[in-house]
Amino acid sequence: MNALKRTFKDISQYPSAIAGVVLILALVALAVYTMFAIPYSEAIRLWRGGEEIWGDYPRLAPPAWTNIFTKEKQPSTIVRDSVDVDSGVTKEVKPIDETMTDVIFTYSFDYDADVFPQEMIVFMTAAYQEKAPFVSLFWITPDGREIRLGEVTAKASETYRFNQDERLLRRLKGVAPEVALFADPEQETPTVLKGTYQLRIAAITFEENSDLEAKFVSYGTVHGLAGTDHRRRDLTIALLWGTPIALAFGLVAALVTTVTTMVIAAVGVWFGGVVDDLIQRITEINMLLPFLPILIMVGTFQSRSIWVLLLWVILLSIFGASIKGYRATFMQIKEAPYIEAARSYGASNWRIIVSYLIPRIIPVLIPGLVSGVPAYVFLEASLAVLGLGDPVLPTWGKLINDAYGNGALYNGQYYWILEPALLLMIAGLAFAMVGFALDRIFNPRLREV
Amino acid sequence: MNAISGTAQGGAAVNSAERRHDEVLLSVQDLHVWFELRRFGFGHAGYVRAVDGVTFDLHYSETIAIVGESGCGKSSLMKTILALHRPTKGDILFENRNLNALKGPELREYRSQVGYVQQDPYGALAPFMTVQRILEEPMIINGIKDKAEREARLRNAMEEVKMSPVDDFLQKFPHMLSGGQQQRVVIARAMLLEPKLIVADEPVSMLDASVRVEILKLLRALQDKHNLAVIYITHDLSTVRYFSERVFVMYAGQAVEKSLINDLIRNPLHPYTMALLAATSDPDADNATRFRDVPPGEPPSLVKPPKGCRFHPRCPHMIKDLCDAEEPPHFEPEPQHLVACWLYR
């Protein structure tokens with residue numbers, strides 16, 4: 001206990017170590033928050049979800065805060081849903097006769113970005129028995145022009161995509177609707193006309209209980225804190241969930257391999273003879289085995305589950321080169337008079353290993369363990385980048401892999417790579433800073449005893 | 001030489017007769033401890049004959065000293081008595097039980113009867129344990145489960161070695177103690193399990209001259225109080241007189257001379273003992289300029305010991321065709337003074 005307190009006191013002497021501890025604590029806090037805010041099953045459901053979950057999100061949109069650095073203001077996504085009363089939609093219902101009804105939706109929104117939106121879609125859901133409602137759409141610009149968009153028969157679930165309406169395209173002389181509808185007619189080059197726009201949807205229902213709801217989405221070119229990927233998924237999910245996974249993978253792998261390796265080395269040194277020979281030969285063979293190709297084979301043939309890979313990483317690392325280093329240290333400690341004294345008062349083999357050999361090596365172990373964490377965090381990311389990432393779990397490595405697979409750098413979507421890379425670097429840096437400081441704290445003391 | 005015999009009279013050896021017990025505590029019979037040498041890690045390449053035929057009896061509350069230069073096998077003998085090595089041949093009987101036959105709990109029981117005081121007090125204490133933990137370990141291992149009892153015995157032992165106030169030391173780590181204090185903790189640890197025998201391996205050789213006497217006196221006092229038998233191992237004859245009655249001189253794995261300490265110092269018989277005594281340091285300024293007779297040559301190889309008497313290559317009195325041909329038996333030229341040398345045939 002005192003030793004622990006002393007270690008903490010020593011750590012506080014190193015500003016870099018304090019920064020490292022703060023970063024680690026921040027990462028841990030983020031991981032804990034993530035696990036409570038987005039439960040595991042929910043995260044997987046979201047990450048594996050398609051249009052039904054991510055339909056309202058833009059594709060490949062950089063984070064919204066990139067607007068701070070660009071001259072032209074990029075639009076965010078605008079969603080107006082008639083189900084949601086607060087979203088600025090008015091719905092008027094006017095009966096025409098006994099069965100037919102006029103339903104008119106008016107969506108109004110301010111548009112003050114300098115860039116045209118990515119795409120515009122109206123999602124409609126209709127309730128009817130036999131005859132589906134008939135819908136006409138109109139666009140009203142800030143300067144009062146009214147543009148007829150198109151007509152559509154609203155089935156139970158109907159999607160009207162502005163840029164796929166051939167007749168509208170012809171009417172707009174081939175200019176894409178998201179440009180033509182927002183452009184200032186006075187300007188030669190397409191420039192956004194800022195102001196309040198309106199979309200009017202006029203529907204006629206033909207049955208007594210027939211009804212219609214409609215949602216208008218104008219997809220922006222920036223989104224949220226982290227942006228979105230090629231499947232409209234919000235990167236925040238993967239960035240957040242990457243934290244507990246990276247920490248768990250790194251800590252579990254580092255802790256289990258370091259401790260097991262050390263115990264195996266201690267057992268070999270203490271019992272000597274055949275046991276030691278066996279351990280040394282296994283280690284030497286294992287050192288020759290190609291680590292990454294084996295993991296690639298596991299990923300290809302057995303399973304790509306991150307936990308299966310973790311198990312293999314641990315299995316392959318247990319008999320790692322560090323056994324040799326620990327063995328050298330243990331050989332020295334084994335001859336210490338206090339071990340002989342312990343034998344003389346009857347300590348059993350296991351008691352000597354656990355209470356006399358291993359505590360001596362803990363000062364070397366702790367810095368090694370802490371510095372070992374980033375190695376495993378990076379290993380997980382590397383495997384994911386190589387395409388061996390868990391297909392289910394969203395991780396930092398997976399994000400980089402997705403980005404790479406979709407040509408993010410080629411297409412200038414730097415955020416997609418930089419965000420997970422930055423988090424990886426922070427995690428690595430945090431553990432490295434603490435590890436280096438611990439090394440400096442423990443090693444002089446080691447030399448002294 | 002004068003200084004040695006002078007103090008020896010006032011020292012321990014005088015009242016030894018009263019303390020001697022008739023019963024044998026430890027009996028070492030024709031003990032051989034050989035270590036196999038391997039070539040390339042597996043091929044057999046002979047034996048190192050560290051202990052080669054040693055026999056002696058140790059009575060209850062008796063002290064014997066084993067004297068010899070480094071590499072003469074005294075440490076191997078001691079470690080075999082501590083059951084750290086297995087004898088290659090021969091037996092060790094402790095209270096008439098053969099050590100070779102002891103296993104598991106019986107062996108542990110035996111080990112708790114034998115205390116061990118090591119040469120290097122700092123190395124003998126685990127550097128990461130507090131004094132309290134160091135002293136508790138033997139008791140935990142030997143099944144003293146009651147925490148209060150452990151605490152009481154530990155305090156008692158600390159007071160016996162004059163480490164008081166006890167509370168000042170319990171939470172300290174070995175490196176915070178002085179060499180003398182460390183050795184006291186080592187002695188306290190050896191005493192904790194109330195042994196019948198203490199094996200002390202050069203207990204003062206690594207200490208400052210100023211604390212040596214204190215530690216030796218402490219050991220002596222503990223021996224008197226608890227009727228301990230002590231095997232005192234040293235290369236330094238000048239410390240033997242502090243509490244030893246009988247002395248064995250070991251050379252190349254064998255006991256070459258066995259005698260009472262006073263007889264040995266007064267009248268050394270074996271040529272090796274003579275040389276050893278001549279080499280004993282005397283605090284005399286004249287010694288700085290005086291030439292000492294040191295036997296020529298080096299201790300023999302224990303892998304291929306010389307034929308006949310093992311000292312013959314270095315011996316000034318070597319008898320040709322006898323000393324280099326036949327191993328000398330033990331002769332008894334004076335009562336209770338045995339010597340393995342053909343000069344006394």
Can you go through B:E23, B:E18 and tell me which one is at pLDDT 80 or above, closer than 21 Å to B:F243 by Cα, open to solvent by 60 Å² or more (accessible area, probe 1.4 Å) and away from chain A (no Cβ under 14 Å)? B:E23
Taking the criterion of being modelled with pLDDT of 90 or more, of a type in the set (G, A, S), assigned by TED's automatic domain parsing to the domain that holds A:T106 and open to solvent by less than 80 Å² (accessible area, probe 1.4 Å), would at least one residue in the stretch A:147-157 satisfy it? no
Scan the stretch B:148-162 and tell me whether some residue there is away from chain A (no Cβ under 12 Å), under 21 Å from the mean Cα position of the chain (by Cα) and in a helix (DSSP H, G or I). no
Answer with yes or no whether A:D402 is touching a residue at least 24 places away in the same chain (Cβ under 8 Å) and open to solvent by 40 Å² or more (accessible area, probe 1.4 Å). no
Go through the stretch B:206-224 and count every residue that is touching a residue at least 24 places away in the same chain (Cβ under 8 Å) and open to solvent by 40 Å² or more (accessible area, probe 1.4 Å). 7
Top-ranked residue of the stretch B:85-98 - restricted to ones that are more than 15 Å from B:D30 (Cα to Cα) and in a loop (DSSP other than H, G, I, E, B), ranked as farthest from the other protein chains (Cβ to nearest Cβ): B:N96
For A:G407, are the conditions met, namely being touching a residue at least 12 places away in the same chain (Cβ under 8 Å) and surrounded by fewer than 22 Cβ atoms within 10 Å (Cβ to Cβ)? no
Please find, among B:E106, B:E137, B:E95, B:E151, the residue that is surrounded by 21 or more Cβ atoms within 10 Å (Cβ to Cβ) and acidic (D, E). B:E137
Which of the residues spanning the stretch A:326-344 are more than 10 Å from every other protein chain (Cβ to nearest Cβ) and either among the hydroxyl-bearing types (S, T, Y) or open to solvent by 40 Å² or more (accessible area, probe 1.4 Å) (or both)? A:Y326, A:R327, A:A328, A:T329, A:M331, A:Q332, A:K334
The listed residue being open to solvent by 10 Å² or more (accessible area, probe 1.4 Å) and assigned to a loop (DSSP other than H, G, I, E, B), out of A:L239, A:L255, A:L247, A:L225: A:L225
Residue under question is A:D234, and the condition is that it be open to solvent by 20 Å² or more (accessible area, probe 1.4 Å), more than 21 Å from A:W350 (Cα to Cα) and among the acidic types (D, E); does it hold? yes
Of the residues in the stretch B:231-279, how many are in contact with a His (Cβ under 9 Å, 6 or more places away or on another chain), at pLDDT 85 or above and aliphatic (A, V, I, L, M)? 6
Looking only at strands (runs of 3 or more DSSP E) that fall completely inside the stretch A:130-182, which ones have 1 or more residues that are free of Cβ contacts under 8 Å to residues at least 40 places away in the same chain, touching a Gly at 6+ places or on another chain (Cβ under 8 Å) and hydroxyl-bearing (S, T, Y)? A:157-161
Note on the stretch B:57-69: residues surrounded by fewer than 19 Cβ atoms within 10 Å (Cβ to Cβ) and not hydroxyl-bearing (S, T, Y) are B:D57, B:E69
If I filter the stretch B:110-132 for residues that are away from chain A (no Cβ under 14 Å), over 17 Å from the mean Cα position of the chain (by Cα) and not hydrophobic (A, V, I, L, M, F, W, C), do I get at least one hit? no
Show me the strands (runs of 3 or more DSSP E) entirely contained within the stretch A:1-116 in which 2 or more residues are under 30 Å from A:A127 (Cβ atoms) and free of Cβ contacts under 8 Å to residues at least 12 places away in the same chain. A:89-95
Listed residues B:F35, B:F56; which is among the aromatic types (F, W, Y) and within 14 Å of chain A (Cβ to nearest Cβ)? B:F35
Residues of the stretch A:69-88 that turn out to be open to solvent by 50 Å² or more (accessible area, probe 1.4 Å) and of a type outside the set (K, R), as a count: 9
Is it the case that some residue within the stretch A:118-133 is over 29 Å from A:E92 (Cα atoms) and either touching a Phe, Trp or Tyr at 6+ places or on another chain (Cβ under 6 Å) or among the acidic types (D, E) (or both)? yes
B:C72 fails exactly one of (1) modelled with pLDDT under 90; (2) within 14 Å of another protein chain (Cβ to nearest Cβ); (3) open to solvent by less than 50 Å² (accessible area, probe 1.4 Å), namely (2)
Please tell me if B:A50 is away from chain A (no Cβ under 11 Å), outside any loop (DSSP other than H, G, I, E, B) and buried (at least 21 other Cβ atoms within 10 Å of the Cβ). yes
For B:Q171, state whether it is surrounded by fewer than 22 Cβ atoms within 10 Å (Cβ to Cβ), within 24 Å of B:S76 (Cα to Cα) and facing chain A (nearest Cβ under 9 Å). no
Quick check, is B:L82 under 24 Å from the mean Cα position of the chain (by Cα), farther than 20 Å from B:V186 by Cα and within 11 Å of another protein chain (Cβ to nearest Cβ)? no
Pairs, first touching a residue at least 40 places away in the same chain (Cβ under 8 Å) in the stretch B:319-335, second assigned to a loop (DSSP other than H, G, I, E, B), C-beta under 6 Å, six or more apart: B:H330/B:A340
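The values are calculated or read from the model by the stated rules, or taken from the named source; none is laboratory data. Treat the numbers as computed from the prediction; the structure is a model and nothing was measured. FYI the Cβ positions are ideal-geometry reconstructions off the backbone, even for glycines, and counts take in every protein chain you see. To get the accessible areas, we keep the full protein, side chains included, count just its heavy atoms, and leave off ligands, DNA and RNA. Shrake-Rupley method; radii C 1.70, N 1.55, O 1.52, S 1.80 Å.
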